[in-house]
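Supplied in C-alpha cells, the structure appears directly below.
The values are calculated or read from the model by the stated rules, or taken from the named source; none is laboratory data. Just so it is clear, the structure is predicted and the values come from calculations on it, not from any experiment. Neighbour counts are summed over all protein chains in view; Cβ atoms, including those assigned to glycine, are modelled from backbone coordinates with ideal geometry.
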Amino acid sequence: MSLRLGFPVLVLGEKGIKSNDTRRWQSNPHLKVSLEYLHRVFDYLEKHKISMYRMSSDLAPYATHPDMPQFHNQVKESQTELEAIGKRARDLDLRLSFHPSQFVILNSPDPELCKKGVWDLVVQAEMLDTMGLGPEAVLVIHVGGSYGDNRSGIDRWCATWDNLLPEPVKRRLVLENDDIRYSAADVLAIHERTGVRLIFDVQHFWCLNPQCLPLQSTLRAFLKTWPEGVRPKMHYSSPRTELREVKRKNRKTGKKELVLLQPVWTGHADFVQPFEFISFFRDNPDIETDVMLEAKAKDLALLRLRQDLARYASDVAKRFGLSIAEELSEPPLEEIAVDAEQLEAAG
C-alpha cells in the first residue's frame with residue numbers, strides 16, 4: 001500500500017470550508033455541527049485524493065470545560081453522527097487523528113492540570129472509538145513542560161501513564177519529540193518505560209538533538225515502536241527562512257513600529273522544501289511510514305508537494321502512489337489565489 005500524505009485541520013484551497021463549530025458558548029455550539037462541517041472536509045479530501053487528515057482538537061466545543069456541564073455529553077448525544085462519519089472515513093480509506101492542544105500536559109506538577117489533560121484525551125479517544133476507527137487513528141501529544149528538570153518531568157509523565165490513563169487512551173496515544181524541551185532521546189526513554197508509540201518529527205529533531213543521535217537509526221527506532229500491522233506516521237515540515245515582520249514598541253518614542261527579525265528555525269514554512277523532502281526519502285528508501293505535513297499552507301502545501309514530486313522525483317512520487325501524468329496535468333498551484341485571512345488563521 002502506498003504511503004500517505006496528510007495535513008492538519010484547516011482547508012485553505014476552497015473557501016467556506018470550516019473545520020469545526022467555533023461559536024462561543026452562548027450560541028450553544030455542538031459536536032453535531034462540527035461533524036456536518038467535517039463531511040464537507042471529507043468531500044474536499046475525496047475530490048483531491050487526500051487520504052490522511054488531522055481533525056480539529058476542538059471538534060467537540062467546551063466538552064471538558066469544568067464550569068459548563070451542559071457541554072459534557074456531546075459525544076453520547078452525537079453517537080449516530082459519529083458512527084456515520086466513521087463509516088464514511090473507512091469507505092474513503094481515510095487515516096484520521098487528533099493532536100490535542102498544548103494545554104494537555106501530562107507531566108505537570110499540578111495534579112489537577114494532569115487530570116484535566118486526561119479528561120481531554122478520554123473525550124477524543126471516545127470519539128475515535130465511536131467512529132469505529134482502527135489503531136492507526138491516534139492522539140498525538142508532546143511530553144509537556146520541563147519545569148527546570150527534564151528527568152523529573154519524564155518521571156511524572158510515566159507516572160501519569162501508569163496511574164491515570166484509562167485503556168482507551170493508552171490504546172490511542174502516541175508521543176512526539178519536540179523542538180524545545182524533550183528530544184528524540186527523551187521520548188525513546190519514555191517508550192522504554194511505558195511502551196507508548198512514538199512519532200518522529202524531522203524539524204524538531206534538527207532543532208533539538210543535544211545527544212547528537214544519528215537521524216536514520218533514530219527514525220527507525222521510532223518506527224519500531226509501532227506494532228506489526230499498524231503503519232507508523234511521522235511529521236515533516238521545513239523551517240521558515242524569511243525575515244519575520246514584528247510589531248513592537250520603540251523604547252525611545254513609545255510608538256509601535258514594524259521591525260524585521262531573523263528567522264527562528266523552529267518556525268514552520270508555508271510550504272515544504274521539495275528537494276530536502278526528496279533527499280530524505282531517497283536516503284531512507286525502505287521506510288514504511290505515512291507523513292503528516294505540518295506546513296502553514298496546509299492542504300495547499302500538500303498539493304504543491306505532490307506536483308513537485310511528480311516533476312522532480314518520480315521515484316519518490318511513486319512511493320506515495322502518485323500518478324505522474326495526473327499530477328503534472330493539474331494547473332500550477334502558483335496560479336491559485338490564497339485567501340490572506342485564511343492563511344493568517346492557519347498560524
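Suppose we keep only residues that are under 30 Å from Arg54 (Cβ atoms) and assigned to a strand (DSSP E or B) within segment 255-270. Which one would you say is modelled with the lowest pLDDT?
Leu261
Scan segment 177-198 for residues that are β-branched (Val, Ile, Thr) and touching a residue at least 60 places away in the same chain (Cβ under 8 Å) and jot them down. Full working, then the answer.
Narrowing segment 177-198 to residues β-branched (Val, Ile, Thr): 180, 187, 190, 194, 196.
Hit for segment 177-198 is Ile180, nothing else.
Return the pairs, sorted by first residue and then second, in which the second residue is part of a strand (DSSP E or B) and aromatic (Phe, Trp, Tyr), the first residue lies in segment 240-259 and is closer than 25 Å to Gln203 by Cβ, the beta carbons are less than 8 Å apart, and the residues are 6+ apart or on different chains.
As it stands, the answer is none, since no pair meets every condition given.
Please work out which residue is nearest to Asp299 (Cα to Cα), limiting yourself to segment 198-254 and to residues that are assigned to a loop (DSSP other than H, G, I, E, B) and touching an Asp or Glu at 6+ places or on another chain (Cβ under 8 Å).
So in segment 198-254, the residues assigned to a loop (DSSP other than H, G, I, E, B) come out as 208-214, 224-232, 237-238, 240-243, 250-254.
Still in the list and also touching an Asp or Glu at 6+ places or on another chain (Cβ under 8 Å): 208, 230-232, 237-238, 240, 250.
Working: Leu208: 27, Val230: 25, Arg231: 22, Pro232: 21, Ser237: 13, Ser238: 15, Arg240: 17, Asn250: 38 Å.
Step by step, filter segment 198-254, then rank; the result is Ser237.
Now a separate question. Under the condition of being of a type in the set (D, E, K, R) and under 19 Å from the mean Cα position of the chain (by Cα), which residue from segment 112-128 is nearest to Trp161 (Cα to Cα)? Quick ask: steps written out before the conclusion?
Our first condition is that a residue be of a type in the set (D, E, K, R); within segment 112-128, this holds for 112, 115-116, 120, 126.
From what is left, the residues that are under 19 Å from the mean Cα position of the chain (by Cα) are 120, 126.
Working: Asp120: 14, Glu126: 18 Å.
By that ranking, first place goes to Asp120.
Could I ask something else about it? Looking at Asp67, Asp129, Asp120, which one is out of contact with any helix residue (DSSP H, G or I) (no Cβ under 8 Å at 6 or more places or on another chain) and under 27 Å from Arg40 (Cβ atoms)? Explain how you work it out, then say what you get.
Numbers: Asp67 fails: under 27 Å from Arg40 (Cβ atoms); Asp129 fails: out of contact with any helix residue (DSSP H, G or I) (no Cβ under 8 Å at 6 or more places or on another chain).
Answer to the selection: Asp120.
I need the full set of residues from segment 200-220 which are of a type in the set (A, V, I, L, M) and farther than 20 Å from Ser279 by Cα, in order please. It would help to see each step written out before you state the result.
First, the residues of segment 200-220 that are of a type in the set (A, V, I, L, M): 202, 208, 213, 215, 219.
Passing the criteria: only Leu208.
Further question on the same structure: With respect to Lys233, is the statement that it is of a type in the set (Lys, Arg) and either touching a helix residue (DSSP H, G or I) at 6+ places or on another chain (Cβ under 8 Å) or free of Cβ contacts under 8 Å to residues at least 24 places away in the same chain (or both) true?
Values: of a type in the set (Lys, Arg): yes; either touching a helix residue (DSSP H, G or I) at 6+ places or on another chain (Cβ under 8 Å) or free of Cβ contacts under 8 Å to residues at least 24 places away in the same chain (or both): no.
No; evaluated as a whole, the condition is false for this residue.
To keep it simple, each residue is scored yes or no on (1) closer than 30 Å to Leu31 by Cα; (2) assigned to a helix (DSSP H, G or I); (3) modelled with pLDDT under 95.
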{"position": "Gly132", "(1), (2), (3)": "yes, no, no"}
{"position": "Glu136", "(1), (2), (3)": "yes, no, no"}
{"position": "Asp155", "(1), (2), (3)": "no, yes, no"}
{"position": "Ala159", "(1), (2), (3)": "no, yes, no"}
{"position": "Val169", "(1), (2), (3)": "yes, yes, no"}
{"position": "Val174", "(1), (2), (3)": "yes, no, no"}
{"position": "Val187", "(1), (2), (3)": "no, yes, no"}
{"position": "Arg193", "(1), (2), (3)": "no, yes, no"}
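Can you give me the ranges of the helices (runs of 4 or more DSSP H) entirely in segment 1-107 with at least 2 residues that are in contact with a strand residue (DSSP E or B) (Cβ under 9 Å, 6 or more places away or on another chain) and buried (at least 20 other Cβ atoms within 10 Å of the Cβ)?
Numbers: elements: 31-47, 74-77, 79-92.
Filter on segment 1-107 gives 31-47, 79-92.
Of all the residues that make up segment 2-40, how many are of a type in the set (A, V, I, L, M) and free of Cβ contacts under 8 Å to residues at least 12 places away in the same chain? Give the derivation first.
Residues of segment 2-40 that are of a type in the set (A, V, I, L, M), as a first pass: 3, 5, 9-12, 17, 31, 33, 35, 38.
Add one more test, that the residue is free of Cβ contacts under 8 Å to residues at least 12 places away in the same chain, and what stays is none.
Selection size over segment 2-40: 0.
For segment 282-306, name all the residues that are in contact with a strand residue (DSSP E or B) (Cβ under 9 Å, 6 or more places away or on another chain), within 24 Å of Leu219 (Cβ to Cβ), in a helix (DSSP H, G or I) and not basic (Lys, Arg).
Of everything in segment 282-306, those that are in contact with a strand residue (DSSP E or B) (Cβ under 9 Å, 6 or more places away or on another chain), within 24 Å of Leu219 (Cβ to Cβ), in a helix (DSSP H, G or I) and not basic (Lys, Arg) turn out to be Ala301, Leu302, Leu305.
Do any residues in segment 157-176 that are on the phi < 0 side of the Ramachandran plot have Cβ atoms under 7 Å from those of residues that are of a type in the set (Lys, Arg) and part of a strand (DSSP E or B), where the two are at least six apart or on different chains, and which pairs are they?
Pairs that qualify, where the first residue is on the phi < 0 side of the Ramachandran plot and the partner is of a type in the set (Lys, Arg) and part of a strand (DSSP E or B), are Val174/Arg197.
Can you say whether Glu228 is among the acidic types (Asp, Glu) and over 21 Å from Glu136 (Cα atoms), as far as the supplied structure shows? I'd like the intermediate steps shown before the answer.
On the way: among the acidic types (Asp, Glu): yes; over 21 Å from Glu136 (Cα atoms): no.
For Glu228, the condition - among the acidic types (Asp, Glu) and over 21 Å from Glu136 (Cα atoms) - is not met.
Condition check ((1) surrounded by fewer than 18 Cβ atoms within 10 Å (Cβ to Cβ); (2) at pLDDT 95 or above; (3) among the small types (Gly, Ala, Ser); (4) under 24 Å from Val41 (Cα atoms)) across all residues:
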position	(1), (2), (3), (4)
Phe275	yes, yes, no, no
Arg282	yes, yes, no, no
Asp290	no, yes, no, yes
Glu294	no, yes, no, yes
Leu303	no, yes, no, yes
Ala310	no, yes, yes, no
Ser314	yes, yes, yes, no
Leu333	no, no, no, yes
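Report yes if some residue within segment 145-168 is over 24 Å from Thr225 (Cβ atoms) and out of contact with any Pro (no Cβ under 8 Å at 6 or more places or on another chain); otherwise report no. Lay out the reasoning, then the answer.
Pass one, segment 145-168, residues over 24 Å from Thr225 (Cβ atoms): 147-149.
Now drop any that are not out of contact with any Pro (no Cβ under 8 Å at 6 or more places or on another chain), which leaves 148-149.
Looking for residues that are over 24 Å from Thr225 (Cβ atoms) and out of contact with any Pro (no Cβ under 8 Å at 6 or more places or on another chain), one finds at least one in segment 145-168, hence yes.
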